[in-house]
Amino acid sequence: MIPTRRVLARSFTVLGVSKCAPSTWAALKPSQLRPLQASSRSLSLSIADHAKHQEVSRKKLLSEKKLKRHFVDHRRVLVRGGNGGSGMSCFHSEPRKEFGGPDGGDGGNGGHIILRVDQQVKSLSSVLSQYQGFSGENGGSKNCFGRGGAILYIQVPVGTLVKEGGEIVADLSHPGDEYIAALGGAGGKGNRFFLANDNRAPVTCTPGQPGQERVLHLELKTMAHAGMVGFPNAGKSSLLRAISNAKPAVASYPFTTLNPHVGIVHYEGHQQIAVADIPGIIPGAHQNKGLGLSFLRHIERCRFFLFVVDLSLPEPWTQVDDLKYELEKYDEGLSERSHVIIANKIDLPQAQAYLPQLQARLGQEVIALSALTGENLEQLLLHLKVLYDAHMEAEWQQGHQPLRW
């Protein structure tokens, strides 16, 4: 009989299946095979349990719907700069040197708190309600200065307004813009600093200064080249889905879109145009009715507008007049920016009958299309490129840096 130790040495297990050399299997009895098969089965079960445990413990990614719930466009933030380190009061001590003199070092300065624009951040949801800067270290002996506190950066999205006491103190509208929200405190002085001809052994040292404390209000205004403006259920979200890779919620009831969404339209030569889907506006929005002022402010930063009209409703030209009226009441001159009229839902039978009346009333070009079927989307994309090129040329002539995505 072959010893069990030799059998185990010549066997190997792969995924719970035990294999041995043919000569070994022939020499083993059935009673000797059961323990080996049982151990293989238990090993396979333990591997399966371990894999199942790893799969369950893996962090689940948030769905698109849950991510949209965390959109925040205003935040009150309390910022405190880091405190400065205290100075040291001590004297140099060395053998056979009786009067070494003062050698206390200064404390390190406190760290600043800086707001920095990051293009990957899309809302203020990641900004906390308060921040405390890093403090500087205290001074040491042998004229050693304390280390300064590190700078604390707060990442904010493009288009963030910083207000203090109702006044705008910073407009972070370009990637990489920075604003010092709170200054760190100055470090204290060691007794070495107070050495003078009339005071050869000073013992005075000063503590570090506290950091600056401020209460700031951050307000986000969406930055985009084009802004889609329309009444609820006009098909703005469906149109954004059709011309870009953005995935705003779409449903057959008003106020489906509760947060602004930005989609990127790609053209040849690596040109990108940002189109913002602004939540639906209703009559009286400038008086804070409906979603009101909370989303009208996102329209301010758009360079030109896309007025989306529901062509299936009677008298569609009244929608354009009402939209321009709300924009003008909110901010004078806002309705006079470059725009294009988009008549959506042309695929419906009653919409085709209203199209000639709409064109006659407005007296300008109207792009009739269907976001559902994709009919006539090419004309919209071409006209969008014309508006973008005109905007870029105007920005360069005025010496401004145009917005790029």
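The values are calculated or read from the model by the stated rules, or taken from the named source; none is laboratory data. Everything numeric in this text was worked out from a predicted model, so none of it was measured. Positions of Cβ are backbone-derived with ideal geometry, glycine not excepted, and every protein chain shown enters the neighbour counts. Each accessible area value is taken on the protein alone, full model and side chains, heavy atoms only, with ligands, DNA and RNA left out. Shrake-Rupley method; radii C 1.70, N 1.55, O 1.52, S 1.80 Å.
Within region 151-172, is even one residue aromatic (Phe, Trp, Tyr) and outside any loop (DSSP other than H, G, I, E, B)?
Scanning region 151-172 turns up at least one residue that is aromatic (Phe, Trp, Tyr) and outside any loop (DSSP other than H, G, I, E, B).
Which ones in region 260-279 are of a type outside the set (S, T, N, Q) and open to solvent by 60 Å² or more (accessible area, probe 1.4 Å)?
Matches in region 260-279: His266, Glu268, Gly269, His270.
I'm checking my understanding of the structure. Among residues of region 171-192 that are buried (at least 19 other Cβ atoms within 10 Å of the Cβ) and more than 20 Å from Gly211 (Cα to Cα), which one is nearest to the chain's Cα centre (by Cα)?
It comes out as Leu172.
Consider only pairs whose beta carbons are under 6 Å apart and that are at least six residues apart or on different chains; among these, list those whose first residue lies in region 209-222 and is closer than 20 Å to Gln119 by Cα and aliphatic (A, V, I, L, M) and whose second residue is assigned to a strand (DSSP E or B) and open to solvent by 30 Å² or more (accessible area, probe 1.4 Å).
These pairs meet every condition: Leu218/Arg75.
For Gly100, are the conditions met, namely being assigned to a loop (DSSP other than H, G, I, E, B) and buried (at least 18 other Cβ atoms within 10 Å of the Cβ)?
When the stated conditions are applied, Gly100 does not pass them.
I need the full set of residues from region 331-386 which are open to solvent by 60 Å² or more (accessible area, probe 1.4 Å), outside any helix (DSSP H, G or I) and among the β-branched types (Val, Ile, Thr), in order please.
Listed by number, the list holds a single entry, Thr373.
Please find, within region 122-134, the residue that is nearest to Glu219 (Cα to Cα) out of those that are hydrophobic (A, V, I, L, M, F, W, C), under 16 Å from the mean Cα position of the chain (by Cα) and surrounded by 18 or more Cβ atoms within 10 Å (Cβ to Cβ).
Leu124
Confirm whether Gln132 is within 30 Å of Ala274 (Cα to Cα) and either touching a residue at least 40 places away in the same chain (Cβ under 8 Å) or touching an Asp or Glu at 6+ places or on another chain (Cβ under 9 Å) (or both).
No: the conditions fail for Gln132.
Can you find, within region 71-96, the residue that is nearest to Ala181 (Cα to Cα) among those that are open to solvent by 80 Å² or more (accessible area, probe 1.4 Å) and part of a loop (DSSP other than H, G, I, E, B)?
Result: Ser93.
Can you work out which of the residues in region 103-121 that are of a type outside the set (Lys, Arg) and either part of a strand (DSSP E or B) or more than 47 Å from the chain's Cα centre (by Cα) (or both) is farthest from Tyr179 (Cα to Cα)?
The residue in question is Asp103.
So Ala246 ticks every box in (1) in contact with a Leu (Cβ under 7 Å, 6 or more places away or on another chain); (2) open to solvent by 70 Å² or more (accessible area, probe 1.4 Å) but one. Which box is left unticked?
Unmet for Ala246, out of (1) in contact with a Leu (Cβ under 7 Å, 6 or more places away or on another chain); (2) open to solvent by 70 Å² or more (accessible area, probe 1.4 Å): (2).
Please work out which residue is least open to solvent (accessible area, probe 1.4 Å), limiting yourself to region 299-325 and to residues that are out of contact with any strand residue (DSSP E or B) (no Cβ under 9 Å at 6 or more places or on another chain) and not in a loop (DSSP other than H, G, I, E, B).
The extreme case among them is Thr318.
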